[in-house]
Amino acid sequence: MTSAQKRRVVVLGATGSIGTQTLDIIRNNREQFEVVGLSANGKNVALLAALAIEFEVECVALAQGTAAQDLQLALYAQAQSQGFSEGNHKTPKILIGADAATHLARIECDVVVNGITGAVGLNPTVAALECGRTLALANKESLVIGGIAVTKLAAPNQIIPVDSEHSAIAQALVAGTSGEVKRLVLTASGGPFRGKSKSELTQVTAQQALAHPTWAMGPVVTINSATMMNKGLEIIEASLLFNIPIDRIDVVVHPQSVVHSMVEFIDGSTIAQASPPDMHLPISLALNWPSRIDGAASGCDWTKPTSWTFEPVDEVTFPAIVLAKRVGSLAGSAPAVMNAANEVAVAEFLSDKIAFLDIIELVTQVVDEHVASNFIGDEELTINEVFFAADWATNRALELISDRSFKK
């Protein structure tokens, strides 16, 4: 592949788990990819500067304006450490502020990797789609909350999933036609509390909830995995990505995390995608879809004895799955409300202000109030209405937490 044929890539959330693994892949495949832009929230400007200098990017976006001077100093220090004298290295343009990542998603490129965590990733998702970029989507929240307002912006195959579960489904779907698909089966590791009863989770600490047995992820995603809200969001995401009704999407607990998801076809066949738990594989596919990258990750070692187990979800202990299916079936503004309330609840749990079991209880109450009062259906849903619903849910969740019933 010549330099002119390289895929030009923007990485949003560059210093996070998805971002750094994306850059690992590009680092090892420089002949195929060129990084032209990086964004970060500003919590690790030293790493952002190091990456910007290493990949000689054109533009850097920083959400926290207060970190701008620190970034400039870090860029200069990093350049010096790499042996560049002043003025003898490529200095990236710096975008500052809450909309910086959105502006970065619009620059000239081929692929935008959205590895931002949370609803804040919605505007960059919209920007990338509107500009016709291939969107390698790890920010499931932007698709879940945006729903039809986002999917109607996307051309066929413009959104390529990065989540291992949805990447697995995309790979398995090539085994048949859309009319031959009976159901999708998402696998879940079960998180750190698999096999626990609800009563055993009353005194759970943040440290315990962050101790995921299989995956290394950011704190919000890890807590969502512990409550299984992450899997609830993935059900809604799968429905939107693959145009499959919610009632034809199941979840099964698979603690080994080797089978990433499955597609069952009408003739009784089930096609599964299996690989060791390593996000480099689905990220590499999203970067280079529909082609694979040689050596992106290690495969299964079939010379060693092994066993895989599958078990149903305990929906009593983990009610997030039932809630998400209900919310996904309602669609409209309900997913935005569920996600916003969950983001508040997770933050409060990590701050030791509410208990672990309060997370889904709080989210459920906010959703119930929204559906009974100010719910908006798909027909009226716009991006502005999504943000309005999310803001309402954020404020209502904070009000409820101030109530004694949700104080730890």
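Would you pick out the residues in region 236-273 that are among the β-branched types (V, I, T) and surrounded by fewer than 24 Cβ atoms within 10 Å (Cβ to Cβ)? Scanning region 236-273 gives I244, I246, I249, V252, V253, V258, V259, I266, T270, I271.
Note on region 334-359: residues that are hydroxyl-bearing (S, T, Y) and within 18 Å of V322 (Cα to Cα) amount to 0. State whether one or more residues within region 331-352 are at pLDDT below 95 and among the charged types (D, E, K, R). Yes.
Each row is one residue, and each column tells you yes or no for (1) surrounded by 15 or more Cβ atoms within 10 Å (Cβ to Cβ); (2) under 19 Å from M217 (Cα atoms); (3) among the β-branched types (V, I, T); (4) within 11 Å of the chain's Cα centre (by Cα).
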residue	(1), (2), (3), (4)
L137	yes, yes, no, yes
K140	yes, yes, no, yes
V144	yes, no, yes, yes
K152	no, no, no, no
P156	no, no, no, no
V162	yes, yes, yes, yes
A170	yes, no, no, no
T177	no, no, yes, no
E180	no, no, no, no
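The residues of region 329-353 that are surrounded by 24 or more Cβ atoms within 10 Å (Cβ to Cβ) and within 20 Å of L201 (Cα to Cα), listed by number, are N342, A345, V346, F349. Residue count for region 245-301 under the criterion of being touching a strand residue (DSSP E or B) at 6+ places or on another chain (Cβ under 8 Å) and under 25 Å from V35 (Cα atoms): the result is 7. Counting only strands (runs of 3 or more DSSP E) that sit wholly inside region 170-285, those with at least 3 residues that are over 28 Å from D301 (Cβ atoms), assigned by TED's automatic domain parsing to the domain that holds P319 and not polar (S, T, N, Q) are 181-188. Within region 328-342, the set of residues being over 18 Å from D403 (Cα atoms) and of a type outside the set (S, T, N, Q) comprises G328, L330, A331, G332, A334, P335, A336, V337, M338, A340.
The C-beta contact set for region 68-92 (first residue modelled with pLDDT under 85, second residue not in a helix (DSSP H, G or I), distance under 6 angstrom, 6+ apart or interchain) comprises A79/H89; K90/E56.
The single condition among (1) free of Cβ contacts under 8 Å to residues at least 60 places away in the same chain; (2) surrounded by 15 or more Cβ atoms within 10 Å (Cβ to Cβ); (3) of a type in the set (K, R) that K304 does not satisfy is (2).
Restricting attention to region 274-289, the residues being surrounded by fewer than 18 Cβ atoms within 10 Å (Cβ to Cβ) and closer than 18 Å to N157 by Cβ number 1.
Among the residues of region 115-126, just one is farther than 18 Å from E234 by Cα and buried (at least 23 other Cβ atoms within 10 Å of the Cβ), namely P124. If you check R292, R326, which single one turns out to be closer than 16 Å to E234 by Cβ, surrounded by fewer than 19 Cβ atoms within 10 Å (Cβ to Cβ) and either not hydroxyl-bearing (S, T, Y) or not assigned by TED's automatic domain parsing to the domain that holds V386 (or both)? Step by step, each of R292, R326 is checked, and only R326 is closer than 16 Å to E234 by Cβ, surrounded by fewer than 19 Cβ atoms within 10 Å (Cβ to Cβ) and either not hydroxyl-bearing (S, T, Y) or not assigned by TED's automatic domain parsing to the domain that holds V386 (or both).
The values are calculated or read from the model by the stated rules, or taken from the named source; none is laboratory data. From a predicted model like this one, the values you see are computed outputs, not experimental measurements. Reconstructed Cβ throughout: ideal geometry from the backbone, glycine too, with neighbour counts over all protein chains shown.
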